[in-house]
């Protein structure tokens, strides 16, 4: 099967599957729409954590232990800043600083976030397209028992400790998606849309909160397949299950499927969740979904693409051959 594959991604979990997709596809056929609800200004710099995680991952530069930041990082800047009494709760490595300084410089010169991102990914030799969900600012905020908090305040400074009562995606209702995003989602050559295993509340729903993107996904001709970020009663990474509990939701993969129900054709869960009940009309596939190695990422990428191809074949009346191009 040929045709473009579009993925929706947040941070570490999404980047893992995006890397698998880039390796089993001709990477030029992959476009990744990335959450920018986490973006913020810090120390005078424009920080885009999810974009940077994806860029570093696809460029082979990501820290293999943390999954975010650059490998072999040094921290001279942060040590010196701490000595001066500076703000050090959000740690910026010495090599990582170059990304933020260059992004900030280009934005100040009038370039859009999408243009800056595209130039950076080309400089780092990444063939897949990386598309911020919008050039307009969207900011994730959380109403907690400590009041309304900006995302990074909740996630990094307070380490997800406050109890979450409500989420808001400021600016999403008027944000304009990139033209490239809309072109990809409306293409007749679209092979599949894959919602990566990222936190639904913090990584995927900020993207879906942009009305034009959600509508385009609902109307797209290609199968839409999501991979659960939850295995059993645990999130693979981050506060997904904690947030479900605090929001009064049922904890588990079924809640993820419910939140995407109007969009999905297929929902991939881990083998331990094979009995997950999902809304009618959604096919459930169970498989090992924990990605601890490069081989795991590639295997899961092949599985989701093959599942999407089978779904597309059923729509067309004649199945595509199994396997991945």
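Please treat every number below as a calculation from the coordinates, not as lab data. Since we're looking at a predicted model, the values are computed, not measured. Here the Cβ is made from the backbone with ideal geometry for all residues, glycine too, and neighbour counts use every protein chain on show.
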message: Can you compute the FRET efficiency between residue 314 and residue 246 using 1/(1 + (r/R0)^6), with r the Cβ-Cβ distance and R0 = 45 Å? Round to the nearest 0.05.
response: 0.70
field: Semi-axis lengths, Å, the stretch 136-179, gyration tensor of Cα atoms, sqrt of 5 times eigenvalues
entry: 24, 11, 6
- prompt: Under a point spin-label approximation (7 Å from Cα along Cα-to-Cβ), what is the residue 82-residue 215 distance to one decimal in nm?
  reply: 5.0 nm
message: Residues of the stretch 154-188 with the amide nitrogen closer than 13 Å to a label point 7 Å from the Cα of residue 42, along Cα-to-Cβ, please.
response: 154-160
Prolate/oblate/rounded call for the chain, Cα gyration tensor, a/c under 1.5 rounded: prolate
message: Quick check: from the Cα gyration tensor, does the stretch 1-84 come out rounded (a/c under 1.5), prolate or oblate?
response: prolate
field: Pair-distance profile P(r), taking every C-alpha pair of the stretch 113-264, with 10 angstrom steps and integer %
entry: 10, 34, 37, 17, 2
task: Mind running the shape call on the stretch 85-176? Use the C-alpha gyration tensor, a ≥ b ≥ c as the square roots of the eigenvalues: rounded below 1.5 for a/c, prolate if a/b tops b/c, oblate otherwise.
output: oblate
Rounded to 5, percent antiparallel among DSSP beta bridges of the chain: 40 percent
- request: Take the Cα pairs of the stretch 195-325, get the Kirkwood Rh, then feed it into Stokes-Einstein at 20 °C and 1.002 mPa s and tell me D in µm²/s.
  value: 140 µm²/s
- request: Output the relative contact order of the chain, whole-number percent, from Cα pairs under 8 angstrom with separation of 6+ residues.
  value: 20 percent
- prompt: What is the pair-distance distribution P(r) of the stretch 1-147, computed from all Cα-Cα distances in 10 Å bins starting at 0, with each bin given as a whole percent?
  reply: 11, 39, 34, 13, 2, 0
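What order do you get for 192-201, 16-25 when each peptide is scored by the mean count of other beta carbon atoms within 10 Å, highest first? Walk me through the numbers on the way to the answer.
Working: 192-201: 27.6, 16-25: 23.8.
The most tightly packed comes first, giving 192-201, 16-25.
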field: Selected from 161, 144, 79 as most flexible by GNM, with the chain as the system and alpha-carbon contacts under 10 Å
entry: 79
Ranked 203, 286, criterion: other C-beta atoms within 10 Å, fewest first: 286, 203
- prompt: What is the spin-label model distance, in nm, from residue 72 to residue 112 if the labels are put 7 Å beyond Cα along the C-beta direction?
  reply: 3.6 nm
